[in-house]
1. On C-alpha positions alone, give me the angle between the axis of helix 181-204 and the longest principal axis of the chain, in degrees, nearest 10.
2. Measure nothing fancy, just the Cα-based angle from helix 253-269's long axis to the longest principal axis of the chain, in degrees from 0 to 90, nearest 10.
3. Counting Lys and Arg as +1 and Asp and Glu as -1, each charge on the Cβ, what is the dipole of region 67-157 about the Cα centre in debye, to the nearest 20?
4. Do any chymotrypsin sites (Phe, Trp or Tyr not before Pro) in region 206-268 lie in a loop, going by DSSP, with at most 13 other beta-carbon atoms within 10 Å of their beta carbon, and if so which?
5. What does the charge dipole of the chain about its Cα centre add up to, to the nearest 20 debye, if the Cβ of each Lys and Arg holds +1 and the Cβ of each Asp and Glu holds -1?
6. Quick one: net charge around Gln47, please, counting Lys, Arg +1 and Asp, Glu -1 for every other residue with C-beta under 11 Å from its C-beta.
7. Let me have the relative contact order for the chain, percent, based on Cα pairs under 8 Å that are six or more residues apart.
8. Count neighbours as other Cβ atoms within 10 Å of each site's Cβ, and list the trypsin sites (Lys or Arg not before Pro) in region 290-363 that are DSSP loop with at most 13 such neighbours.
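Only the coordinates and a few stated rules stand behind these numbers; no lab work does. Values in this document were obtained by computation on a predicted structure and should not be read as measured data. Don't worry about glycine lacking a Cβ; one is built from the backbone with ideal geometry, like all the others, and counts go over all protein chains shown.
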Amino acid sequence: MNQLIESIGSKEMLNKETSETMYKQIIEYSVETIIIHLDHEILYINQAGADFLKGLKEEIIGGDILSVFHEDEKDLILERIMQGMNGKTATQSLEQTITRFDGSHVNVELYCHPVQFGNKKAIQTVLRDITIRKETEKMLQDRQKLASIGQIAAGIAHEVKNPLTSVKGFLQLLKETNAHPYLFTMESELEKAIDTLQNLLQVSKPNLHDEPIIEIDVCKELNSLMLLFQDKLYNIKIIMDIRDCDKHIFGKKNLYLKAFFNLMKNAIEAMPSQGILRIEHYFQDEYVHVKISDTGVGIPKEKMNLLGTPFFSSKTDGTGLGLTQVFTTINDHNGQISVHSVVNQGTTFHLKLPQLPSRCKATSRCVD
Ligand SMILES: Nc1ncnc2c1ncn2[C@@H]1O[C@H](COP(=O)(O)OP(=O)(O)OP(=O)(O)O)[C@@H](O)[C@H]1O
Ligand SMILES: [Mg+2]
């Protein structure tokens with residue numbers, strides 16, 4: 001009998017040990033960051049977690065879990081930890097920006113739940129990297145913003161352009177009977193207004209562009225476009241860092257060319273006295289990357305959100321439609337665009353261009 005009890009006991013022990021080992025392995029090999037902590041002290045972190053936090057396991061264990069969170073958020077995190085400790089299930093997830101051990105910041109989603117760690121009740125916090133989700137959300141928001149601004153702008157442009165065109169017709173008739181010099185000035189001013197509206201219609205109604213989708217050698221096009229600016233480049237040094245030219249993209253060539261042109265023009269205009277214009281082309285992670293950087297005036301932080309909005313311009317003679325065209329074109333080709341700028345140091349526009357727009361991928365043919 002005693003033997004039987006002993007053997008049942010050891011079986012239970014064995015089962016417990018096996019399930020503990022399994023549990024440990026599941027956590028250790030999980031791709032998500034899993035931290036077990038008690039009274040803020042980190043008792044355990046899995047390898048994926050140490051890699052994600054850019055630290056060594058030995059350094060992280062024993063540290064304070066709160067140290068990765070922003071000072072202002074610590075109370076909220078403490079509250080979540082308490083909820084986790086007192087509850088039986090996982091807390092609601094919470095989005096936070098944390099600072100990793102190498103100083104970099106990253107957006108995470110986290111939730112806590114209670115666990116038994118040895119003979120203590122501790123908290124298990126799971127961190128999930130949501131950088132890509134955040135970027136996608138922002139891209140979608142930007143697209144929606146652009147699309148609705150574009151629709152309103154296109155509607156207004158269309159309504160205003162028609163009467164202006166008929167005024168222009170009557171002016172031409174008037175000129176035939178009365179060649180007053182004011183009529184010529186009126187006509188040229190009117191033409192400028194009609195041109196602006198035409199440009200606006202073009203950039204805000206991309207479905208009006210019935211250009212075919214063709215193969216584009218971006219390296220070749222960037223080199224040719226630079227030639228167009230020769231007369232503006234006395235005091236500007238050009239660095240062409242062009243690599244991976246065998247990687248071509250498919251898209252609407254004229255729209256792309258106009259977008260590159262607009263970015264180069266802005267970069268040059270940002271350096272009125274002197275500076276360096278750097279054009280980069282390379283292939284990485286299935287995208288063709290084009291970076292256009294200048295060492296010019298830069299863009300103040302509070303203006304960054306306005307980039308791409310029709311008519312936003314800081315220039316006396318700017319129409320503020322250049323970047324609208326750039327953003328619309330890149331979005332329409334399922335590309336991505338990011339801007340980095342420091343006032344008085346310079347600006348970089350980074351374009352990530354898919355080799356094929358997604359509609360080509362889906363159908364393996366490029367039709368609109
Ligand atoms: N590389 C850059 N450096 C500094 N500011 C920039 C840069 N690119 C764009 N900007 C800012 O963004 C604004 C909008 O640019 P956008 O190209 O849309 O219009 P614009 O250059 O003013 O006029 P245009 O319609 O003639 O291009 C600019 O007026 C400028 O303030
Ligand atoms: Mg411009």
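1. Rounded to the nearest ten degrees, it is 30.
2. Approximately 90 degrees, to the nearest ten.
3. Value, rounded to 20: 340 debye.
4. Here the sparse-neighbourhood loop sites are Tyr234.
5. Dipole of the chain, to the nearest 20 debye: 780 debye.
6. -1
7. This gives 10 percent for the chain.
8. Filter output for region 290-363: Lys315.
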